[in-house]
Amino acid sequence: MIVNLWRYRGFIGRNALNDARHRYAGSAAGVAWNVINPLAQILIYSVVFSQIMAVRVPGAGSGAEFALYLCAGLLPWAAFSECILRGANAFIENAPYLKKLPIPEQVFVAQNAVSATLFLGISMTLLGVVTVITGSALSLAWLGVPAVLVLFQGFGFGLGLIFSTLNVFLRDIGQVLAIVLQLWMWLTPIVYVEEILPATMQSLIRYNPAYPFIDALHRMIVGGQWPSARHWLVMLVWAAAAPIVGYLILRRLRPEIRDVL
């Protein structure tokens with residue numbers, strides 16, 4: 001799988017950039033919406049949670065910290081969800097190419113993952129800029145944020161690869177995933193702090209596969225703390241295991257995929 005992804009890296013990169021350029025095709029602002037949308041989202045959260053609702057993170061000094069906490073989890077989650085949802089439909093949407101061209105199937109899932117990661121990079125860069133402008137200093141832990149984001153998107157790519165294969169044979173998977181991801185988000189401490197949960201729930205939530213990624217981002221962005229070595233290991237395992245499982249399922253069902261499409 002890695003060999004094929006590397007071989008088609010130019011194809012993946014070009015298509016990801018084309019997606020960024022053409023996502024808002026026909027609008028007056030064009031590609032500028034790639035910056036305007038996440039910036040507006042960050043500013044709205046900052047105003048609402050620092051001035052209107054004034055929600056606080058335990059141990060933080062101001063409501064602005066919760067806006068940062070929310071963005072630190074919600075922006076990566078949005079990209080992760082896009083990675084899975086668009087990945088799940090990748091084979092169906094690109095059926096004409098798969099039927100006519102000898103392009104490895106996983107390439108189409110990868111280009112969606114790279115596209116989502118590009119938008120995530122823009123969003124998180126803007127979050128850093130807004131954080132500095134509002135008077136907060138960026139800790140050294142921010143240097144590790146890109147690594148966590150790449151691992152999280154790698155996990156999303158793996159899940160997208162799994163569901164893209166299964167979706168060819170069970171077309172309801174794409175619809176069910178949208179519901180499951182909403183539920184999964186609420187089972188992950190993204191829009192709330194885990195300290196508000198009962199002790200039992202706080203223990204159970206650590207078995208959530210998305211938890212180590214979101215917790216690491218909160219620690220680094222809000223708390224200025226580096227995750228432990230064990231924390232990094234867990235993220236690496238999920239980021240590696242999901243693509244491997246996805247590829248094994250794809251390899252098993254590959255002979256039938258292009259016929260069913």
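The values are calculated or read from the model by the stated rules, or taken from the named source; none is laboratory data. Just so you know, these numbers come straight off a predicted model, no measurement behind them. Side chains included, ligands, DNA and RNA excluded: accessible areas come from the protein's heavy atoms. Shrake-Rupley method; radii C 1.70, N 1.55, O 1.52, S 1.80 Å.
Run the numbers for Ile244 and Gln182: contour at 0.36 nm per residue of separation, minus the present Cα-Cα distance, in nm. Write out the running numbers ahead of the final one.
Working: separation 62, 0.36 × 62 = 22.32 nm, distance 2.50 nm.
So the extension gain works out to 19.8 nm.
Can you give the accessible area per residue of the chain, in Å², using a 1.4 Å probe?
50 Å²
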* Asked: For Tyr192 and Tyr97 in one chain, what is 0.36 nm times their gap in residues minus the Cα-Cα distance, to one decimal in nm?
  -> 29.9 nm
* Nearest-10 value in Å² for the accessible area of Glu195, using the 1.4 Å probe -> 110 Å²
* Asked: Across 10 Å bins from 0, what is the distribution of all Cα-Cα pair distances for the chain, in whole percents?
  -> 7, 28, 34, 22, 8, 1
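Counting each DSSP H run of 4 or more residues in the chain as -39500 (n - 2.57), what helix-only mean residue ellipticity at 222 nm follows after dividing by all residues, to the nearest 500 deg cm²/dmol?
Dividing the helical sum by the residues of the chain leaves -23500 deg cm²/dmol.
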* Asked: Which percent of the accessible area of the chain is formed by carbon and sulfur heavy atoms (probe 1.4 angstrom)?
  -> 67 percent
